[in-house]
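A.B. asks: One structure is given below, represented as structure tokens, and several questions about it will come after.
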Amino acid sequence: MALLEVRQLTAFHGDVQALWDVSFEVAEGSITTLLGSNGAGKTTTLRTISGILPPRDGEIRLGGERIDGVPPHRIVDMGVVQVPEGRKLWPNLSVQENLVLGAYGRRGRPERARTLRSVYELFPRLAERRSQLAGTLSGGEQQMVAIGRGLMARPVVLMLDEPSLGLAPILVDEVFRVIREIAAQRATVLLVEQNVHRALQIADTASVLENGRVVLAGPAKQIAGDAKVQTAYLGL
Amino acid sequence: MTERLRRMDWAHDRGAQIVVVLLVAVVLAAIPTNERQYANLIRITFLVLWYAIMAGAWNIIGGYAGQVSFGHAAFLGTGAYVTGTLWQTFHIDPLLTLPIAGLAAALYSVIVGAPTLRLRGPYFAIATIGVGEATRLFVSNIDDITGQVITHGVTGISLPNYDPAKVHYATVAVFVVVMITTILIREGRFGLGLFAINMDRDAAETSGVPTARLQVLAFAISAFFTACAGSLYAARQQFLDPTTMFGFDKSIQVVLMPVVGGLGTVWGPVFGALLFGGVQDQISSLTRNPYLPQLIYGLLLVLVVLFEPLGVAGLLGRASSAGRAFVRPRRETTV
């Protein structure tokens, strides 16, 4: 059984339908990626799973249990944590304050000293800058804080929304290295990426969204070999 | 590591701040209440503490959580009228009714806040203006609506006499409770959650902060203490009318004091109350013009918005490191 199951999800932004019957599964310990162009519904899908946008129809299950309609903080308590696009840090708080806020819920709180240590092990650079204001960090460092804040909640499923957006190539490498490490040791990963090439390299399975619908799904290798994907997203 | 995390819990200067509050309270409680020459001092002390209680209470929702309420007169009036009614009709000592008045307003705030706190930014503020005005009109006309004499409408309620000394000590006590509450909230986990919501509600939600619950709770605590201020007013003035107690000008003033004093800081509302109480007292002894204090408040507000977003607290923090210790602005917050 898949760890996270999304079945026939339908969601609206006001009167505008954003998702049509979106279904996919995320297997435990895997990296699953959602691909698609701008406005395809990738972020909307993550926001719906997080509970920030209540779905109009469909089911979301974590370990077989329904989590759709559950408020966002309860979903975090269940271990489904989103690292939002554009990082959304608190710029006037220090790095450490941002991280500790990630353990606000009852899931992360009891273990937070230990988790904080392990986040600093994963990102030694953040340990050096723990008392610096998050707003003064470089884009790459801010992304590390955002991922670290997500890990502070001790996620079962970590959902990353465009973690490589706007980063220099060397930092993109770093982010993908970290995602691999997270998937190997800490949490199942659901990755939304515009860098389709890199995403397909590290993912086990992939789903392609177009205009709010899943148009293609399967093992990442197979998707990478698909002729349509190659012309539309990989520029081959 | 534990030491560092404990400091992360903002525990490091709670104690010092509470000691200062208690010292201030001891000095104020030592003012002789039954000697004639101190009557004026007692009067001004009541005015300033009364303002400080309301401003501190408002700051919890407006300054910490960043939800600007323009309807707090609804809670002030609710407190005053609950106390007035219990006192006059059931002959309960007005000071004993404070918790009942507070709970009544807190309940009202939950009913009003649960739906409106979902609104963000100016929309919440606009909704609270509606709540405040609707409450005033309801209380003004409740006798006509129900056909029974409950509030005497706009003519108001005259209450029995009450010992001003008792009111003085009660006001000092409520002031202490409000200050300690605002210190503990601000330096604790609850306050951290409120500030996280204030700075970025989406980020707070994805980090697992229960945004709706924290905001409703902050609003209820704020309403509770605002109502206590209303009860103290009833015991002190022994006259209530809806135009004064539920007036929109009261709602505005409760917003202006923390903003001028230092929004989101512990001591800002106290500075705001001192300034407003002082201005009002000095002006009314010089001239009978009721609009002059308003003009001065407006000018202060413009200066704060233009030059020092953290108000008087921000100025003191800039001036000296000693000032910073007690007015330490947690974060920059804006209206």
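The values are calculated or read from the model by the stated rules, or taken from the named source; none is laboratory data. None of the values given here were measured: they were computed from a predicted structure. When we count neighbours, we look across all protein chains shown, and the Cβ atoms used for this are built from the backbone with ideal geometry, even at glycine.
A.B. asks: Name the single residue that is surrounded by the fewest Cβ atoms within 10 Å (Cβ to Cβ) among those in segment B:209-266 being part of a helix (DSSP H, G or I) and within 14 Å of chain A (Cβ to nearest Cβ).
C.D. replies: It comes out as B:213.
A.B. asks: Exactly one of these conditions fails for residue A:112: (1) under 20 Å from the mean Cα position of the chain (by Cα); (2) closer than 19 Å to residue A:82 by Cβ; (3) buried (at least 19 other Cβ atoms within 10 Å of the Cβ). Give me its number.
C.D. replies: (1) is the only condition that residue A:112 fails.
A.B. asks: Give segment A:60-79 a look and list any residue that's out of contact with any Lys or Arg (no Cβ under 6 Å at 6 or more places or on another chain), without any contact (Cβ under 8 Å) to a residue 60 or more places away in the chain and surrounded by 15 or more Cβ atoms within 10 Å (Cβ to Cβ), or say none.
C.D. replies: Hits for segment A:60-79 are A:60, A:61, A:67, A:68, A:70, A:71, A:72, A:73, A:74, A:75.
A.B. asks: Is there a residue being among the basic types (Lys, Arg) and facing another protein chain (nearest Cβ under 8 Å) anywhere in segment B:184-195?
C.D. replies: Of segment B:184-195, the ones among the basic types (Lys, Arg) are B:186, B:189.
Next, from what is left, pick out any that are facing another protein chain (nearest Cβ under 8 Å): B:189.
Taking every residue of segment B:184-195 in turn, at least one turns out to be among the basic types (Lys, Arg) and facing another protein chain (nearest Cβ under 8 Å).
A.B. asks: Pairs, please: C-beta under 8 Å, at least 6 apart or cross-chain, first residue surrounded by 14 or more Cβ atoms within 10 Å (Cβ to Cβ) and at pLDDT below 85 and in segment B:285-305, second among the polar types (S, T, N, Q) and assigned to a helix (DSSP H, G or I)?
C.D. replies: Short answer, once both residue conditions are applied: B:293/B:280; B:293/B:284; B:297/B:253.
A.B. asks: Scan segment A:51-63 residue by residue and report those that are on the phi < 0 side of the Ramachandran plot and out of contact with any Ser or Thr (no Cβ under 6 Å at 6 or more places or on another chain).
C.D. replies: Result: A:52, A:53, A:54, A:59, A:60, A:61, A:62.
A.B. asks: Pick from A:87, A:154: which is at the interface with another protein chain (Cβ under 9 Å from one of its Cβ atoms), in contact (Cβ under 8 Å) with a residue 40 or more places away in the chain and not in a helix (DSSP H, G or I)? Step through it out loud before you land on a result.
C.D. replies: Values: A:154 fails: at the interface with another protein chain (Cβ under 9 Å from one of its Cβ atoms).
One residue alone meets the criteria, A:87.
For every residue, the table says whether it meets (1) acidic (Asp, Glu); (2) under 21 Å from the mean Cα position of the chain (by Cα); (3) within 30 Å of residue B:266 (Cβ to Cβ).
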{"site": "B:110", "(1), (2), (3)": "no, yes, yes"}
{"site": "B:114", "(1), (2), (3)": "no, yes, yes"}
{"site": "B:129", "(1), (2), (3)": "no, yes, yes"}
{"site": "B:133", "(1), (2), (3)": "yes, yes, no"}
{"site": "B:137", "(1), (2), (3)": "no, no, no"}
{"site": "B:175", "(1), (2), (3)": "no, yes, yes"}
{"site": "B:189", "(1), (2), (3)": "no, no, yes"}
{"site": "B:193", "(1), (2), (3)": "no, yes, yes"}
{"site": "B:199", "(1), (2), (3)": "no, no, yes"}
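A.B. asks: State which residue is nearest to residue B:143 (Cα to Cα) when the search covers only segment B:272-283 and only residues that are within 14 Å of the chain's Cα centre (by Cα) and surrounded by fewer than 24 Cβ atoms within 10 Å (Cβ to Cβ).
C.D. replies: B:277
A.B. asks: Further question: Can you pull out every residue in segment A:131-146 that is surrounded by fewer than 24 Cβ atoms within 10 Å (Cβ to Cβ) and away from chain B (no Cβ under 11 Å)?
C.D. replies: A:132, A:136, A:137, A:138, A:139, A:140, A:141, A:142
A.B. asks: Go through (1) within 11 Å of another protein chain (Cβ to nearest Cβ); (2) surrounded by fewer than 21 Cβ atoms within 10 Å (Cβ to Cβ); (3) in a loop (DSSP other than H, G, I, E, B); (4) free of Cβ contacts under 8 Å to residues at least 60 places away in the same chain one by one and return the number of the condition residue A:104 breaks.
C.D. replies: (2)
A.B. asks: Also, I was wondering about something else. Scan segment B:196-208 for residues that are within 7 Å of chain A (Cβ to nearest Cβ), free of Cβ contacts under 8 Å to residues at least 12 places away in the same chain and buried (at least 24 other Cβ atoms within 10 Å of the Cβ) and jot them down.
C.D. replies: Scanning segment B:196-208 gives B:205, B:206, B:207, B:208.
A.B. asks: Also: Would you mind stating whether residue B:149 is in a helix (DSSP H, G or I) and either out of contact with any strand residue (DSSP E or B) (no Cβ under 7 Å at 6 or more places or on another chain) or among the acidic types (Asp, Glu) (or both)?
C.D. replies: Criteria not met by residue B:149.
A.B. asks: May I pose another question? Only one of these is charged (D, E, K, R) and within 26 Å of residue A:33 (Cα to Cα): A:117, A:112, A:130, A:180. Name it. Quick ask: steps written out before the conclusion?
C.D. replies: Working: A:117 fails: within 26 Å of residue A:33 (Cα to Cα); A:112 fails: within 26 Å of residue A:33 (Cα to Cα); A:130 fails: within 26 Å of residue A:33 (Cα to Cα).
After ruling out the rest, the residue left standing is A:180.
A.B. asks: Look at segment A:117-130 and say how many of its residues are within 14 Å of chain B (Cβ to nearest Cβ) and either out of contact with any helix residue (DSSP H, G or I) (no Cβ under 6 Å at 6 or more places or on another chain) or of a type in the set (Lys, Arg) (or both).
C.D. replies: Residues that pass the stated criteria total 4.
A.B. asks: Does segment A:45-59 include one or more residues that are within 9 Å of another protein chain (Cβ to nearest Cβ), under 22 Å from residue B:207 (Cα atoms), touching a residue at least 60 places away in the same chain (Cβ under 8 Å) and in contact with a Pro (Cβ under 9 Å, 6 or more places away or on another chain)?
C.D. replies: There is at least one residue in segment A:45-59 that is within 9 Å of another protein chain (Cβ to nearest Cβ), under 22 Å from residue B:207 (Cα atoms), touching a residue at least 60 places away in the same chain (Cβ under 8 Å) and in contact with a Pro (Cβ under 9 Å, 6 or more places away or on another chain).
A.B. asks: Looking only at segment A:16-24, decide whether some residue is touching a residue at least 24 places away in the same chain (Cβ under 8 Å), part of a loop (DSSP other than H, G, I, E, B) and not basic (Lys, Arg).
C.D. replies: no
A.B. asks: In addition: Taking the residues in segment A:68-84 that are of a type in the set (A, V, I, L, M) and within 17 Å of the chain's Cα centre (by Cα) as candidates, determine which candidate is nearest to the other protein chains (Cβ to nearest Cβ).
C.D. replies: Checking each candidate, the answer is A:76.
A.B. asks: Can you name the helices (runs of 4 or more DSSP H) wholly within segment A:184-236 that have at least 3 residues being surrounded by 16 or more Cβ atoms within 10 Å (Cβ to Cβ) and touching a strand residue (DSSP E or B) at 6+ places or on another chain (Cβ under 6 Å)?
C.D. replies: A:196-202
A.B. asks: Can you confirm whether residue A:39 is at pLDDT below 95 and more than 10 Å from every other protein chain (Cβ to nearest Cβ)?
C.D. replies: Criteria met by residue A:39.
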